[in-house]
Amino acid sequence: TRIRPSSKRCAVIGGSGFLGRYLVEQLVDRGYSVSVFDIRQGYELPGVTFHLGDLCDKQALLAALEGVSLVFHCASPAPSCDDRALFQRVNVDGTRIVLQTCQEAGVQKVILTSSASVVYEGTDIKDGKEDLPYAKKPIDYYTETKIQQEKLVLEACDTQKGFLTVAIRPHGIFGPRDPQLVPILVDTARRGKMKFIIGDGSNLVDFTFVENVAHGHILAAECLRPESPICGKVYHITNDEPVRF
Ligand code: NAD
């Protein structure tokens, strides 16, 4: 017998990652029961069940989604991994599998972590809104697959069937336990490769504190109802002020 989906039961795909772990912690604090689905177990937390598997493995995913009504999808290969086949397999083919499996498992809501880079064409964007077109020439293959992933998730939104989706677009994410941004900056600086300024020193870059990114995802999940205007939409997420870089 299958467990009926409960509104307080959720799964975080990629929940062992930097952002995913903050999501898991905040969800637990808010009284959700949380399953993590990831290829690795990054930590232990009371009340959190870990299911180890690849999101391209439908059977493994289906087992982890039993009784779950809300799914956060924040798994991706690292942008720096430079493996085209892996980006295609996980971000595009894998996202199709995630959506199909969610529908089969009776999941009602899917929150995708997308990326603000999906609208970046290489020229500056200030106060960019969500109606900017997708980049025609994405800056890298990671971004190309994030565009396809986002489209798949938004197109799957179907209020008639009660399958609701929304995507959140952070740009850079910073905060404690960040495995990429600050460690790579520090390493680059140590190797003496940060002695140049590109432009006149007034460039701005958008970074959002990881707890705010996680909180934004949860607010989106809690607002996502069939009559809600956020169904099938995408939202940029940011702190108040960009960081001078
Ligand atoms: P992360 O690498 O820390 O976490 C990603 C997690 O996904 C990891 O735990 C990894 O094991 C898991 N994963 C990868 N492939 C998987 C697979 N095939 N099956 C199951 N799990 C898999 O990355 P993060 O910084 O936490 O990023 C989370 C999301 O946010 C990603 O979708 C990323 O594209 C997006 N994003 C991140 C940033 C940033 O600055 N960190 C900015 C914009 C968007």
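Every read-out reported here was derived from the displayed coordinates using simple, explicitly stated rules and does not represent laboratory data. Keep in mind the model is a prediction, meaning the values are calculated, not measured. As a convention, Cβ positions derive from the backbone with ideal geometry for all residues, glycine included, and neighbour counts pool all protein chains shown.
Here are a few things to note about the model shown:
A quick yes/no check of all residues on (1) aliphatic (A, V, I, L, M); (2) surrounded by 19 or more Cβ atoms within 10 Å (Cβ to Cβ):
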| site | (1), (2) |
| --- | --- |
| 126 | no, no |
| 139 | yes, no |
| 145 | no, yes |
| 196 | no, no |
| 202 | no, no |
| 212 | no, no |
| 223 | no, no |
| 226 | no, no |
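- Counting only strands (runs of 3 or more DSSP E) wholly contained in region 101-186, the ones carrying 1 or more residues that are among the polar types (S, T, N, Q) and in contact (Cβ under 8 Å) with a residue 12 or more places away in the chain occupy 109-113, 164-169.
- Search result, residues across region 29-84 that are assigned to a helix (DSSP H, G or I), surrounded by fewer than 20 Cβ atoms within 10 Å (Cβ to Cβ) and over 18 Å from the mean Cα position of the chain (by Cα): 29, 58, 59, 60, 62, 63, 84
- Check on residue 176, surrounded by fewer than 12 Cβ atoms within 10 Å (Cβ to Cβ) and within 22 Å of the chain's Cα centre (by Cα): yes
- Any hit, region 96-108, residues being closer than 14 Å to residue 38 by Cα and near the ligand (Cβ under 10 Å from one of its atoms): yes
- Among residues of region 185-232 being under 20 Å from residue 42 (Cα atoms) and not charged (D, E, K, R), the one that is farthest from the chain's Cα centre (by Cα) is 210.
- Counted residues, region 187-211 - those being more than 14 Å from the ligand (Cβ to nearest atom) and in a loop (DSSP other than H, G, I, E, B): 13
- Scanning region 212-226 for residues that are more than 13 Å from the ligand (Cβ to nearest atom) and assigned to a helix (DSSP H, G or I) turns up 215, 218, 219, 220, 221, 222, 223.
- Residue list for region 18-40, restricted to those being out of contact with any helix residue (DSSP H, G or I) (no Cβ under 8 Å at 6 or more places or on another chain), near the ligand (Cβ under 9 Å from one of its atoms) and farther than 17 Å from residue 216 by Cα: 39, 40
- In region 61-80, residue farthest from residue 165 (Cα to Cα) [restricted to those that are without any contact (Cβ under 8 Å) to a residue 60 or more places away in the chain and more than 9 Å from the ligand (Cβ to nearest atom)]: 63
- Against the numbered list (1) in contact with a Lys or Arg (Cβ under 6 Å, 6 or more places away or on another chain); (2) at negative phi; (3) not β-branched (Val, Ile, Thr), residue 65 comes up short only at (1).
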